[in-house]
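Asks: First the structure, which I've put down as structure tokens, then a few questions once you've had a look.
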Amino acid sequence: SAIGCSPKEEQKSGLGYEINRDNMFGICALPADLFTSSADRDVTTDLICNVVKTMNIKSVRVWMHIPYVLQRAKKTNDISLKPAAVEKFHEYFRKLKEAGVENILAMSHQYLQPVEMIAGTYNGVIPEPDSEEYMIFMNMFEECYRVMSAEFPEITLWECNNEMDHQKGTTVVRYGYTAGADKSVNAPYLYDMDEVAGITAPSSTRRSADMCYYANRGIKANNPENELVMPGLCFASDGTASMFIESLYKAVTSGSHPTSFDEDGKRIIPADKNTDNYFNVLNWHPYANVAPNDNWIQANLD
């Protein structure tokens, strides 16, 4: 990886590239012995910690979906911790710290659903912004991050979703989406990119809602130094990632958000234009499905 290479003048003659450990910033890994929706079968937390220590890696992105560590009561929206899972994550974070990790980022693209939502709803469903369930969901979302950030002070970086701009993704879908169903069956239940942007962060569209805003408020309730990482964008060389980011900033500065309702259920506009109250760190995944070229470089610069 070029990101870990020393300057040419520092390379040892005849040995090719030499790793500059100061530039090896971080990794994302999915150990099989930890709760995760995806896993590298033969990778364990101990193996990851050994790699981290050997390569002097300072940051690790951990998949810690909300339902892994939190649970909702059967008949109410009361939230509680899952002791066994919580302890397992604490142990992993402890070992990462001992291995020299300075920054732990927790990413979740699954949610707890309030009792007001349809039972058995796919865990990527977010209610329509004008529905009664919408603010119940968002308030519960904020509470989840408040509880998690209180329980895990080891974590200072929180990524509240993942690749929400992926038009074929399933982290943000409508009621009716069915896991494993044919694409044609699920097509009516997918949000388009503009609608997803409105849910990811405030937008001038009808589907304005702010997972980032409410998650950010939740994590900062316990530690103002915690930072909300914008859900990673599914990068492509066509420039859509930069357009997506621009739409988020325009939405914030429009003064129309975050979405909120008064006690009578009427929509109110608090008009918070401070982008730091929505997200603190920009985030995209610079995929290169072909050899990186000028278009790929320019799209990242954009």
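Any read-out appearing in this document is the output of simple, stated calculations on the displayed coordinates, not a laboratory observation. Keep in mind that this is a model prediction, so the values were computed, not measured. When we count neighbours, we look across all protein chains shown, and the Cβ atoms used for this are built from the backbone with ideal geometry, even at glycine.
Asks: Using each residue's phi in segment 228-233, evaluate 6.51 cos²θ - 1.76 cosθ + 1.60 at θ = phi - 60° and report the 3J(HN,Hα) Karplus result to the nearest Hz, with x for Gly and Pro.
Replies: Each residue's phi maps through the Karplus curve to give 8, 8, 3, x, x, 8 Hz.
Asks: Then there is this: Go through 36-42, 155-161, 184-190 and give me the packing order, highest mean Cβ count within 10 Å leading.
Replies: 155-161, 184-190, 36-42
Asks: Given H placed 1.01 Å from N in the peptide plane, which residues other than close sequence neighbours of Glu159 have an amide H under 5 Å from its amide H?
Replies: Amide H to amide H, under 5 Å and 5 or more residues apart or across chains, Glu159 pairs with Ala106, Met107, Ser108, Val229.
Asks: Further, regarding this structure: Give me the one-decimal Kirkwood hydrodynamic radius in Å for segment 91-165, with the sum taken over alpha-carbon pairs.
Replies: It is 14.3 Å.
Asks: Next question. Sort 138-144, 176-182 by packing, meaning the average of other beta carbons within 10 Å per residue, with the highest value first.
Replies: Going from most to least packed, we get 138-144, 176-182.
Asks: Check Val43: other-chain or 5+ apart residues with amide H under 5 Å from its amide H, H built from backbone geometry?
Replies: Ala32
Asks: Moving to a separate point now. Nearest 5 is fine: what % of DSSP beta bridges in segment 40-164 come out antiparallel, could you say?
Replies: Given both bridge residues lie in segment 40-164, the antiparallel proportion sits at roughly 25 percent.
Asks: Right, next: Check which residues have an amide H placed less than 5 Å from Trp284's amide H, if you skip close sequence neighbours.
Replies: Leu233
Asks: Sorting check: for 46-56, 210-220, which peptide has the highest mean count of neighbouring beta carbons within 10 Å, and how do the rest follow?
Replies: The packing order, highest mean first, is 210-220, 46-56.
Asks: Through the Karplus equation 6.51 cos²θ - 1.76 cosθ + 1.60, θ set to phi - 60°, convert the phi angles of segment 149-163 into ³J(HN,Hα) values in whole Hz; use x for Gly and Pro.
Replies: Here the 3J(HN,Hα) series is 5, 6, 6, 10, x, 5, 9, 10, 10, 10, 10, 8, 5, 8, 6 Hz.
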